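Below you'll find the structure, written out as structure tokens, and then a few comments.
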Amino acid sequence: MKMAVVGAGIVGLTTGAGFADLGHTVQCVDIDTGKIAQLCRGIIPYHEPGLEALVTRNTSAGRLTFGHDPSRLLQDVELIFLTVDTPSDDADEMSLAALWSVIDQLEPWPSSEMRKMIAIKSSVPVGTAERVQSRIRGRLPEHCSVDVVSVPEFMREGSAVRDFFEPTRIVIGSASAEASERLTQIYQRLPGPIMSTDCRSAELTKLAANAFLAVKISFSNEIAALAEQTGADFPSVAHSLGLDPRIGPHFLSAGLGFGGTSLPKDARALVRMADEAGAPQTLVEAAVRANAMIPLRMIRKLEAALSDPARRKVALLGLSFKPGTDNMREAPSLRLVAELNRRHPGITITAYDPEANSVARKLLPPSVIICDSAEEALTGTDAAIIVTEWREFRQIQADDFKNWMNRPIIMDGRNTLDAAGLNSQGVVCIGVGRLPVVPKEFVRNAGEHVPKV
Ligand code: UGA
């Protein structure tokens, strides 16, 4: 089939390249001419495992092309996937500006009688597919028919390519049985179960999925805080909880909370939409609120471990919202930097991320010293916070921490290090929801018992 994807973000590019790999002819369109110019030169503007190889393979085979103009697309292709950004505005409402702009640029409408499809993949408020359908209905020439359907995307950054080829499920929301059947045929090449439903249910499924994950993470973080206060060990609690198939083992990691392009935005949009619909989502609202407090909790633990933080040097290891990506959208690192600077003006912050350094240079204040390695970031610091659980941080040995740092105090914000092992070798490692949180003698003497190397 000839298809197009409008919005060459990670979701759009992966979807386009993925369908091209399945043998379709795909045009990938984005209004960002710089991005399209890069893609035409074979440069992938994201750190996404496997994406470069997938794109290269399909551009070389001539199945994947790039462009920046969505007009006339409907003349050329049978199916358009919309994967444009729907960022939340100040009132947490999703902005559909990019989506409407694409819809309005699709004119002139096709002259052939072939039925066309517009499949919305972006996260959108419930009812959007119907609104798009009615917006174009009045403008379509009589002989022309376009079905607007909802095919929400559940792929994750960092594993987008794998998630495309091995989806957990494919949800097809459509008011037209014919469109639903055609999309089912296209998706049948992929292994996930296909769920055919109406557009509104498909749209709500997407928002509810991200909101549920947000609730699960915030629940874990709050139980972890309770574990700290009551002397329990949260990772062991989480492991036992996860063995119950009704709870499941995933998304029970406590840490610095959730970030990213979609999860926080979708959870907030659901809350906003639900308020307007008269069905308040108090649980999701509380999960969002709880998430915002987590970096502060970590800073309080740091303050308990360090006297006079304003005169100290602190390293942040990891800046992206999770490993496997250079995305820093709503990353806990941003909040940590802002709060550390606000609460302790004068504090020196160094930072290192294996992939997100160049993004960080644009987003973090210039006072943050971005370093080229963990060693450089840790050297001469009084404490370090593991913000993102990149694998390479697990390779750092106790002796490295002791040799490089002024004081080997590690706040393991993702419970990724061997805390007991490091503690036994003289490194203070303070995790989330685990004991010992702060060794007693250490608190009493405000850090002076940690051997200076
Ligand atoms: C999320 C969803 O998982 C995808 O299904 C969805 O398609 C995507 O949003 C989207 O709507 O575009 P993603 O943003 O890639 O995917 O990130 P996740 O892997 O879900 O992680 C989200 C955040 O939760 C990260 O900051 C991660 O560190 C945090 N997290 C995750 C925890 O704090 N604890 C956990 O146990 C799991």
Legend entry - Breaking point among (1) assigned to a loop (DSSP other than H, G, I, E, B); (2) over 17 Å from M155 (Cβ atoms); (3) of a type outside the set (D, E), for H47: (2)
Legend entry - Given (1) within 12 Å of the ligand (Cβ to nearest atom); (2) open to solvent by 10 Å² or more (accessible area, probe 1.4 Å), number of the condition G255 does not satisfy: (2)
Inset, instruction - Would you be able to say whether some residue in the stretch 279-291 is crowded, with 23+ Cβ neighbours inside 10 Å, closer than 20 Å to S88 by Cα and away from the ligand (no atom under 14 Å from the Cβ)? - result: yes
Inset, instruction - Filter the stretch 216-225 down to residues that are within 20 Å of the chain's Cα centre (by Cα) and crowded, with 20+ Cβ neighbours inside 10 Å and give me whichever is nearest to the ligand (Cβ to nearest atom). - result: I217
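Listed here are the residues, each with its yes/no results for (1) within 15 Å of the ligand (Cβ to nearest atom); (2) farther than 22 Å from P295 by Cβ; (3) touching a residue at least 24 places away in the same chain (Cβ under 8 Å).
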position: S201; (1), (2), (3): no, yes, yes
position: L207; (1), (2), (3): yes, yes, yes
position: L213; (1), (2), (3): yes, no, yes
position: G231; (1), (2), (3): no, yes, yes
Inset, instruction - Report, ordered by the first and then the second residue, all pairs with beta carbons closer than 6 Å, sequence separation of six or more or different chains, a first member in the stretch 65-84 that is over 12 Å from G7 (Cβ atoms), and a second member that is open to solvent by 10 Å² or more (accessible area, probe 1.4 Å) and of a type in the set (S, T, N, Q). - result: T65/Q27; G67/Q27; S71/Q105
Legend entry - Complete set of residues in the stretch 121-165 that are in a loop (DSSP other than H, G, I, E, B) and within 11 Å of the ligand (Cβ to nearest atom): K121, S122, S123, P152, E153, F154, M155, R156, E157, G158, S159
Legend entry - Whichever residue in the stretch 3-25 is assigned to a loop (DSSP other than H, G, I, E, B) and within 17 Å of I120 (Cα to Cα) and, among such residues, is most open to solvent (accessible area, probe 1.4 Å): G9
Inset, instruction - Would you mind telling me which numbered condition in (1) under 28 Å from T261 (Cα atoms); (2) of a type in the set (K, R); (3) not in a loop (DSSP other than H, G, I, E, B) R182 fails? - result: (1)
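Let's see how each residue does on (1) at pLDDT below 95; (2) within 16 Å of the ligand (Cβ to nearest atom); (3) under 25 Å from N221 (Cβ atoms); (4) not basic (K, R):
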position: S358; (1), (2), (3), (4): no, no, no, yes
position: L363; (1), (2), (3), (4): no, yes, yes, yes
position: T388; (1), (2), (3), (4): no, yes, yes, yes
position: R394; (1), (2), (3), (4): no, yes, yes, no
position: R407; (1), (2), (3), (4): yes, no, no, no
position: A420; (1), (2), (3), (4): yes, no, yes, yes
position: N445; (1), (2), (3), (4): yes, no, no, yes
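The values are calculated or read from the model by the stated rules, or taken from the named source; none is laboratory data. Note that the coordinates shown come from a computational prediction; the quantities given were computed from them, not determined experimentally. Neighbour counts are summed over all protein chains in view; Cβ atoms, including those assigned to glycine, are modelled from backbone coordinates with ideal geometry. For accessibility, only protein heavy atoms count, side chains too; no ligands or nucleic acids. Shrake-Rupley method; radii C 1.70, N 1.55, O 1.52, S 1.80 Å.
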